[in-house]
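Notes to accompany the following structure.
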Amino acid sequence: MTTLGEVAAVSSMRLQGCDAATVVTGVAPLHRAEPGQLSFLTHSRYRPFLAVTRASAVILSTEDAVNCPAPALVADNPQVAYARAAALFEPVAEIRRGVHPTAWVSPSARVAPDAWIGPHCTVEAGAVVGAGVFVGSNCVIGEQAEIGDESRLVAQVTLYHRVRLGRRVLVHSGAVIGSDGFGLALDHSGHWLKIPQLGSVVIGDDVEIGANTTIDRGALEDTVIEEGVKLDNQIQVAHNVRIGAHSALAGCVGIAGSARIGRHCMLGGGVGIAGHLEIADRVQVTGMSLVTKSITEPGTYSSGLAVEPNRLWNKISARLRRLDELFRRLAALDDKLGRDGSTLGGYSFG
């Protein structure tokens, strides 16, 4: 059992209109919460639900706590406070140790006594599996790969040869780390020649890698994911990319080879990063944007057009195709007016 007092303690929250001894057994959205459950408010548009929620307490900000009709736990950062509180109700995974009878572990691999190698796993020669590591079903650990202490590979994860994972790394199902980068050379006969990918992948401590994400090994140097990075599902990280510490990338981001992403960056879903670019620290790129040049200053960046009704979009598209023609006509008119000693609204189209 968990009390509101214990929940408040995880993020130094202040109780307002509720009893610290009240027992809570789980979390739920504001409009569905029942007595005995905890809820949260992080966006003002849900504030009207405070008047009708049945939650035993709601985690919210000091601002939202003013005249709040519901029992509350007041936090400086409600989102962080909720994340820590919700962890109290997360089911505890069963502790397993040893090697499942259906797994194969090379005699030259080193597996810590308290690690778990699950059903149908393969651990190749020279691999190192650290203390407290969990390797779920159907994972493949390549030759000389290393997994740091307390890391968790959920299921069907593939680590290629010489890949190195830090401590407390979480890799979700279907991820592939260390596959060959897309390195090719076109010879004189018009045939593609594969360039050997001789580097590897180095993953820092406390990194999370989403389901079906792929991280390619470097061509010469390593692809590097620094500590604390969070990668969502179905992300493609190409060879020799470096992602700075504590950056977060949403689903379907694609990063081309040798790009450098700074520290504490956030990339929205579907963002594309061209190769050999550098992104400064603390840059935010909104969803579906295409980055084709380096970003040298922190801030928020966007590209692309928002969705419109189809009929309006067809008109916009037709006009976009005429932009070059219109530009040339305006430039010619500006040039003519300029020769006559006039100006076109103070603008130059040359």
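The values are calculated or read from the model by the stated rules, or taken from the named source; none is laboratory data. Computed from a prediction, not measured in an experiment: that's the story for all the values here. Here the Cβ positions follow ideal geometry from the backbone for every residue, glycine too, while neighbour counts run over all protein chains shown. Just so you know, the surface numbers come from the protein's heavy atoms only, side chains and all, with ligands and any DNA or RNA stripped out. Shrake-Rupley method; radii C 1.70, N 1.55, O 1.52, S 1.80 Å.
Out of the DSSP beta bridges found with both residues in the stretch 1-132, what percent are antiparallel (nearest 5)?
On the way: 5 of 20 bridges.
About 25 percent, rounded to the nearest 5.
Order of 237-247, 281-291 by packing, highest average Cβ count within 10 Å first? Before the final figure, lay out each step's value.
Values: 237-247: 23.2, 281-291: 17.7.
Result, highest mean Cβ count within 10 Å first: 237-247, 281-291.
Against the empirical 2.2 N^0.38 Å scaling, what ratio does the C-alpha Rg of the stretch 141-195 come to? Display every interim value, and only then the final one.
Details: Rg = 15.6 Å, N = 55, 2.2 N^0.38 = 10.1 Å.
So the Cα radius of gyration is 1.55 times the expected 2.2 N^0.38 Å.
Can you give me the C-alpha center-to-center distance between the stretch 231-271 and the stretch 213-230, rounded to a whole angstrom?
10 Å
Work out how far the C-alpha atoms of the chain reach from end to end along every principal axis, then list the three figures in whole Å, largest first.
Ordered largest first, the chain gives principal extents of 85, 70, 35 Å.
So, with a 1.4 angstrom probe, what is the percent of accessible area on the stretch 235-306 that is carbon and sulfur? Please report the intermediate quantities before stating the final value.
Numbers: 1840 of 3350 Å².
For the stretch 235-306, the apolar C and S fraction of the accessible surface comes to 55 percent.
Counting only DSSP beta bridges with both residues in the chain, what percent are antiparallel, rounded to the nearest 5? Could you put the intermediate results ahead of the total?
Working: 9 of 76 bridges.
Of those bridges, close to 10 percent are antiparallel.
Have a look at the DSSP beta bridges in the stretch 159-252 and tell me what percent are antiparallel, nearest 5. Spell out each step's value before the answer.
Working: 3 of 22 bridges.
If we restrict to bridges inside the stretch 159-252, about 15 percent are antiparallel.
Hey, can you find the accessible area per residue of the stretch 89-207 for me, probe 1.4 Å, expressed in square angstrom? Show your work: numbers first, answer last.
Numbers: 6250 Å² over 119 residues.
Here the residues of the stretch 89-207 average 53 Å² of exposed surface.
Normalised by the residues of the stretch 58-121, what does the relative contact order come to in percent, with Cα pairs under 8 Å and at least six apart? Intermediate values should be presented prior to the final figure.
Details: 60 pairs, mean separation 16.0, N = 64.
Normalised by residue count, the contact order of the stretch 58-121 is 25 percent.
Tell me the per residue accessible area of the stretch 1-80 using a 1.4 Å probe; a whole number in Å² is fine. Spell out each step's value before the answer.
Details: 4390 Å² over 80 residues.
Accessible area per residue: 55 Å².
Just from its helices, what would the mean residue ellipticity at 222 nm be for the chain, if runs of 4 or more DSSP H residues each count -39500 (n - 2.57) and the sum is divided by every residue, rounded to the nearest 500 deg cm²/dmol? Before the final figure, lay out each step's value.
Numbers: 5 runs with 48 residues, N = 350.
One gets -4000 deg cm²/dmol as the mean residue ellipticity at 222 nm.
Could you give the radius of gyration (one decimal) and Dmax (whole number) of the Cα atoms in the stretch 14-79, in Å?
My reading of the Cα-based Rg and Dmax gives 10.4, 30 Å.
For the chain, calculate the relative contact order in percent as a whole number, restricting contacts to Cα pairs under 8 Å that are 6 or more residues apart.
Values: 944 pairs, mean separation 21.7, N = 350.
Once divided by the residue count of the chain, the mean separation gives 6 percent.
Give me the Å³ per residue figure for the convex hull around the C-alpha atoms of the stretch 21-126. Kindly include the intermediate steps, with their values, before the conclusion.
Values: hull volume 18.2 nm³, N = 106.
For the stretch 21-126, the hull spanned by Cα atoms encloses 172 Å³ per residue.
Where the accessible area of the stretch 39-95 is counted over protein heavy atoms with a 1.4 Å probe, how much of it, in %, is carbon and sulfur? Write down the numbers at each step before the final one.
Values: 1830 of 3480 Å².
Using a 1.4 Å probe with all protein chains present, the stretch 39-95 comes out at 52 percent carbon and sulfur.
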